[in-house]
Amino acid sequence: MDITFPLIEDYCEAHTTEEGELLYRLYRETHLKAVKPRMISGHLQGRFLSMVSRMMQPKHVLEIGTYTGYSALCLAEGLAPDGYLDTIEVDEEKEEIISRYIGTPQYKEKIRLHIGDARQLIPTFDCQWDLVFIDAEKRSNREFYEMLLPRMRKGGVMLIDNMLWSGKVVEQDGHLDLDTQAIMDFNDFVQQDERVSNVLLPMRDGIMMVMC
C-alpha cells in the first residue's frame with residue numbers, strides 16, 4: 001500500500017527547498033551502488049530533518065542507523081556552533097561511503113561515525129541529547145526508546161522512522177509479520193506514554209515525532 005499518492009509527493013518535493021550538491025551526489029551514488037537504495041531519506045524527508053535541526057539548533061544529536069549518511073548530513077545542518085552529531089551504523093561495509101561524505105570540510109568536525117552495535121555504544125556516550133533520529137531494526141525501537149528517553153533533555157525531540165511501514169499498519173488482511181506487529185505495538189506504546197507528547201506524521205514511510 002502506498003501511503004502517499006506519487007503525484008502528491010512529486011508536488012511536495014517541487015515545492016520544497018532543494019537539497020545541496022553534496023546531498024544530491026550522495027543520493028545518486030546510493031542509488032547506483034547501494035543495496036536497497038529506497039532506505040535513503042531523500043529530498044523531502046531530508047529537508048524535514050534539516051528544518052527540525054535548524055529550528056532546534058541542537059548541541060548534541062544522535063542517529064541510530066546511518067545507512068549511507070544522507071540523514072546525518074541533513075541533521076548536521078542545524079547544529080549549534082559547538083554542536084556535534086554521533087551517528088551509529090552496524091554495517092561496516094557502509095563505512096567507506098559514509099566517511100567520504102561526512103569527511104568533507106564542512107562536516108568533518110561535526111559528525112562522528114561509530115561502526116558497531118548501538119546497544120553497546122550508547123552507554124559509552126557521556127552527554128544529554130537534544131535531538132535523536134532512529135532508523136534501525138524495527139523490532140529494536142522500543143529498546144532504543146527506553147535507553148535514550150532518560151538521557152534526553154527536557155524539550156528534546158526523538159524522531160523514529162518507518163512507523164507506517166508501507167501502509168502495513170492499517171492493512172486488514174489478518175496477517176501480520178513480526179516487523180509490522182512490532183511497529184504497531186511501538187506506536188501504541190508511544191501513544192500511551194504519559195512521559196512524552198507525540199505526533200505520527202504521514203511523511204514518506206511515517207515518522208513518529210516525540211517531544212520529551
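What number of residues within region 1-26 satisfy the criterion of being among the hydrophobic types (A, V, I, L, M, F, W, C) and not in a helix (DSSP H, G or I)? Steps first, please.
So in region 1-26, the residues among the hydrophobic types (A, V, I, L, M, F, W, C) come out as 1, 3, 5, 7-8, 12, 14, 22-23, 26.
Those still in the list that are not in a helix (DSSP H, G or I) too: 1, 3, 5.
So the answer is 3.
With respect to (1) assigned to a helix (DSSP H, G or I); (2) farther than 21 Å from residue 208 by Cα; (3) of a type outside the set (Asp, Glu), the lone exception for residue 108 is condition (1).
Of a type in the set (A, V, I, L, M, F, W, C) and in contact with an Asp or Glu (Cβ under 7 Å, 6 or more places away or on another chain), is that true of residue 73? If you could, list the steps in order and put the result at the bottom.
Values: of a type in the set (A, V, I, L, M, F, W, C): yes; in contact with an Asp or Glu (Cβ under 7 Å, 6 or more places away or on another chain): no.
The answer is no for residue 73.
Just so you know, in region 33-58 the residues that are loosely packed, with under 15 Cβ neighbours inside 10 Å and modelled with pLDDT under 95 include one that is farthest from residue 127 (Cα to Cα), and it is 33.
Output yes when any residue across region 170-182 is under 16 Å from the mean Cα position of the chain (by Cα), surrounded by 13 or more Cβ atoms within 10 Å (Cβ to Cβ) and modelled with pLDDT of 95 or more, and no when none is. First the steps, then the outcome.
If we filter region 170-182 for residues that are under 16 Å from the mean Cα position of the chain (by Cα), which is where we start, we get none.
No, region 170-182 has no match at all.
Against the definition (surrounded by 15 or more Cβ atoms within 10 Å (Cβ to Cβ), in a loop (DSSP other than H, G, I, E, B) and touching a residue at least 24 places away in the same chain (Cβ under 8 Å)), how does residue 29 come out, yes or no? When the stated conditions are applied, residue 29 does not pass them.
The values are calculated or read from the model by the stated rules, or taken from the named source; none is laboratory data. Computed from a prediction, not measured in an experiment: that's the story for all the values here. Quick reminder, even Gly has a Cβ in these numbers, built from the backbone with ideal geometry, and neighbours come from all protein chains shown.
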